[in-house]
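Here's the structure, in structure tokens; my notes come after.
The values are calculated or read from the model by the stated rules, or taken from the named source; none is laboratory data. What you see is a predicted model; the values in this text were computed from it and never measured. In this analysis, Cβ positions are derived from the backbone assuming ideal geometry, glycine residues included, and neighbour counts consider all displayed protein chains.
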Amino acid sequence: MRAMSNKYYITTPIYYVNDLPHIGHTYSTVAADILKRYHKLLGKDSFLLVGTDENSQKSSEAAGRAGLTTEEYVQEMSTKWEQTWQKLGISYNNFIRTTSEEHKKGVYDFFTLVEKKGDIYKGEYIGLYCKGCEAFVTEKELVDNLCPIHKLPPEEIKEENYFFRLSKYKEDLLKLYQDNPEFIQPESRRREIINYVQNHLEDISISRQGMDWGIPFPTDEKHRIYVWFDALINYLTGIGYGTDDKTFEEYWPANLQIVGKDIIKFHCALWPAMLMSAGLPLPEKIFAHGFFTINGQKIGKSTGNSIDPVRLTEEYGFDALRYYLFTEIKFGGDGDFSEEKLREKYNSDLANGLGNLTARVAKLAENSGGEFQLTQHTFNEASTEEYQQCIENLDFQGALQVIWQIIRSLDKTISDNELWKFKDEELITQLRPLIEDIRKVSIILEPFLPDTAKLLQSHFTGPKINALNPIFPRK
Ligand code: ME8
């Protein structure tokens with residue numbers, strides 16, 4: 001197995017640019033951001049890659065509708081995606097665009113390795129293609145002759161294409177899943193993939209003819225590389241594959257790749273097979289989370305019905321949105337998004353819970369007139385084993401529950417001991433451990449609520465502690 005290393009490399013899917021980010025994309029990206037921040041706090045050299053998938057047919061169609069050239073369109077849209085992650089405070093290290101020269105260079109290098117291995121051949125493809133999925137669908141998968149996800153009629157496509165010998169890797173993939181039960185998480189997804197690889201794995205078409213958008217096929221100018229084959233390689237090119245070997249070697253293989261459950265076949269079967277073919281190490285783990293609905297309806301660019309994460313952030317704050325997303329639903333499962341529930345959680349756990357506690361303690365500290373010489377805690381000292389275990393297991397809900405138990409118990413200490421009845425030295429003595437605990441809470445909050453954590457850390461520094469305006473005004 002791999003030697004222990006001090007780096008942590010985590011990725012999110014790279015999203016299509018034919019629309020703007022919605023709450024589903026935000027969910028995957030924030031999950032990765034939580035883990036990036038957590039590992040950084042543990043002292044790891046952590047790298048979070050995000051980006052946009054621009055070589056898809058969807059891009060040129062959307063550009064046409066917008067009256068722009070595809071280049072202009074993808075440029076404009078990818079800027080908007082990047083700005084959204086900036087507005088939401090995502091701590092990414094690189095934003096990879098699949099139309100960039102670095103990416104293309106890496107794709108060509110990768111292609112050369114796979115081709116040398118003899119894993120690319122020319123064949124004829126006849127199939128039903130769903131533009132929403134940017135993938136072929138089988139007749140069996142259709143519901144009323146429509147793609148079940150996008151409710152669109154697939155097109156029949158018949159053409160000469162290049163194929164990747166995916167089926168050649170069937171036994172290697174099954175062995176991978178067998179030997180590394182942690183490779184695909186959660187377990188339900190692992191079983192789904194084992195079933196797919198055992199029963200349905202076929203060679204996959206990796207080129208398209210007659211397109212004027214996409215990376216030109218390296219060995220045949222009539223073809224373009226089919227978007228998934230190029231898109232997956234972003235996880236390598238985003239850390240320098242093909243252009244900066246040193247950085248690439250430092251970070252690859254990824255420690256964790258986060259995806260939604262809609263794209264697991266590509267990530268858990270095609271992607272490791274591509275890497276095996278190229279002779280590159282495999283990622284350690286792929287985690288597929290569930291899907292949000294809004295009032296039971298799938299959210300998505302092709303179906304409309306989106307919720308704008310930037311507006312929610314402006315209204316409730318980024319931390320509140322993060323808190324809601326990861327307390328409401330067990331990471332991995334599906335859930336329903338509701339602004340009403342977001343507001344309820346905001347008021348009960350943030351305004352009344354954390355906000356109220358910190359305001360009370362700060363006010364008492366000011367009233368006491370005391371000076372507090374406080375301890376500097378490292379992240380490890382501040383966090384409990386249970387909290388760390390939850391995050392290592394990607395149980396974000398569990399980790400937040402650990403924090404909120406502490407918050408409730410601190411509140412209870414104030415009420416049970418009727419701290420407001422104390423004065424001067426007695427009050428100072430009673431407050432000191434409470435303030436120390438708030439400081440610890442503010443440290444372990446950081447992966448989840450980074451702005452709040454910073455604010456509390458700077459407010460409760462001592463020696464003098466002033467009153468604090470409610471950090472979460474009631475909504
Ligand atoms: O599939 N709930 O991009 P995409 C939760 N470009 N997560 C959701 C969601 C929802 N309702 N809707 C979308 C692509 N997501 C490819 C990926 S990677 C090499 C290429 C999230 O723009 C979830 O992470 O369609 C899902 O996997 C991803 O957005 C799909 O984004």
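Some notes on this structure:
- Among the candidates Arg165, Arg97, the residue that is charged (D, E, K, R), surrounded by fewer than 18 Cβ atoms within 10 Å (Cβ to Cβ) and at pLDDT 90 or above is uniquely Arg165.
- All positions within the stretch 244-262 that are within 11 Å of the ligand (Cβ to nearest atom) and surrounded by fewer than 20 Cβ atoms within 10 Å (Cβ to Cβ): Gly260, Lys261, Asp262
- So Lys117, is it modelled with pLDDT of 95 or more and either surrounded by fewer than 20 Cβ atoms within 10 Å (Cβ to Cβ) or among the aliphatic types (A, V, I, L, M) (or both): yes
- Ser415 vs. criteria out of contact with any helix residue (DSSP H, G or I) (no Cβ under 6 Å at 6 or more places or on another chain) and either in a helix (DSSP H, G or I) or among the acidic types (Asp, Glu) (or both): yes
- Scan of the stretch 433-457 for residues that are surrounded by fewer than 18 Cβ atoms within 10 Å (Cβ to Cβ) and under 15 Å from Val361 (Cβ atoms), ordered by number: Pro433, Glu436, Leu455, Gln457
- Filter result (away from the ligand (no atom under 16 Å from the Cβ) and within 22 Å of Ile193 (Cβ to Cβ)) within the stretch 144-165: Phe163, Arg165
- Only listed residue being surrounded by fewer than 21 Cβ atoms within 10 Å (Cβ to Cβ), more than 16 Å from the ligand (Cβ to nearest atom) and closer than 21 Å to Gln57 by Cα, chosen from Gln198, Gln209: Gln209
- Those residues of the stretch 177-192 which are closer than 11 Å to Lys261 by Cβ and assigned to a helix (DSSP H, G or I), in sequence order: Ser188, Arg189, Glu192
- Residue that is surrounded by the most Cβ atoms within 10 Å (Cβ to Cβ) [pool: residues in the stretch 225-243 that are more than 24 Å from the chain's Cα centre (by Cα) and away from the ligand (no atom under 16 Å from the Cβ)]: Gly242
- Just one of the listed residues (Glu284, Glu340) is of a type outside the set (Phe, Trp, Tyr), away from the ligand (no atom under 16 Å from the Cβ) and free of Cβ contacts under 8 Å to residues at least 24 places away in the same chain, namely Glu340.
- In the stretch 246-261, the residues that are over 8 Å from Glu284 (Cα atoms) and without any contact (Cβ under 8 Å) to a residue 60 or more places away in the chain form Cβ pairs under 8 Å with partners that are part of a helix (DSSP H, G or I) and within 16 Å of the ligand (Cβ to nearest atom), at six or more places apart or across chains, as follows: Phe248/Leu236.
- Single residue of Glu202, Glu221, Glu250 found to be of a type in the set (Asp, Glu) and farther than 22 Å from Arg165 by Cα: Glu250
- Filtered residues of the stretch 218-250 (kept if under 17 Å from Ser56 (Cα atoms), out of contact with any Leu (no Cβ under 9 Å at 6 or more places or on another chain) and assigned to a helix (DSSP H, G or I)): Val227, Asp230, Ala231
- Total residues in the stretch 85-127 satisfying the condition of being touching a residue at least 40 places away in the same chain (Cβ under 8 Å), of a type outside the set (A, V, I, L, M, F, W, C) and part of a helix (DSSP H, G or I): the figure is 10.
- Only one of the numbered conditions (1) loosely packed, with under 14 Cβ neighbours inside 10 Å; (2) of a type in the set (Gly, Ala, Ser); (3) under 18 Å from Leu280 (Cα atoms) is violated by Gly106, and that is (1).
- Output for the stretch 1-53, where each listed residue is part of a helix (DSSP H, G or I), surrounded by fewer than 23 Cβ atoms within 10 Å (Cβ to Cβ) and more than 16 Å from the ligand (Cβ to nearest atom): Arg37, Lys40, Leu41
- Given (1) within 16 Å of the ligand (Cβ to nearest atom); (2) over 24 Å from the mean Cα position of the chain (by Cα), number of the condition Ala365 does not satisfy: (1)
- When the stretch 54-72 is filtered for residues that are of a type in the set (Ser, Thr, Tyr) and in a helix (DSSP H, G or I), the ones remaining, listed by number, are Ser59, Ser60, Thr70.
- For the stretch 359-386, residues that are surrounded by 15 or more Cβ atoms within 10 Å (Cβ to Cβ), in a loop (DSSP other than H, G, I, E, B) and out of contact with any helix residue (DSSP H, G or I) (no Cβ under 7 Å at 6 or more places or on another chain) total 0.
- Against the list (1) at pLDDT 95 or above; (2) under 16 Å from the mean Cα position of the chain (by Cα); (3) of a type in the set (A, V, I, L, M, F, W, C); (4) within 12 Å of the ligand (Cβ to nearest atom), the condition Phe326 fails is (4).
- Candidates Gly353, Gly332, Gly290, Gly317, filtered to the one that is of a type outside the set (A, V, I, L, M, F, W, C), within 11 Å of the ligand (Cβ to nearest atom) and touching a residue at least 12 places away in the same chain (Cβ under 8 Å): Gly290
- Close contacts from the stretch 7-34, counting a first residue that is of a type in the set (D, E, K, R) and a second that is outside any strand (DSSP E or B) and within 8 Å of the ligand (Cβ to nearest atom), with Cβ to Cβ under 8 Å and a gap of 6+ residues or different chains, come to Asp19/Lys301.
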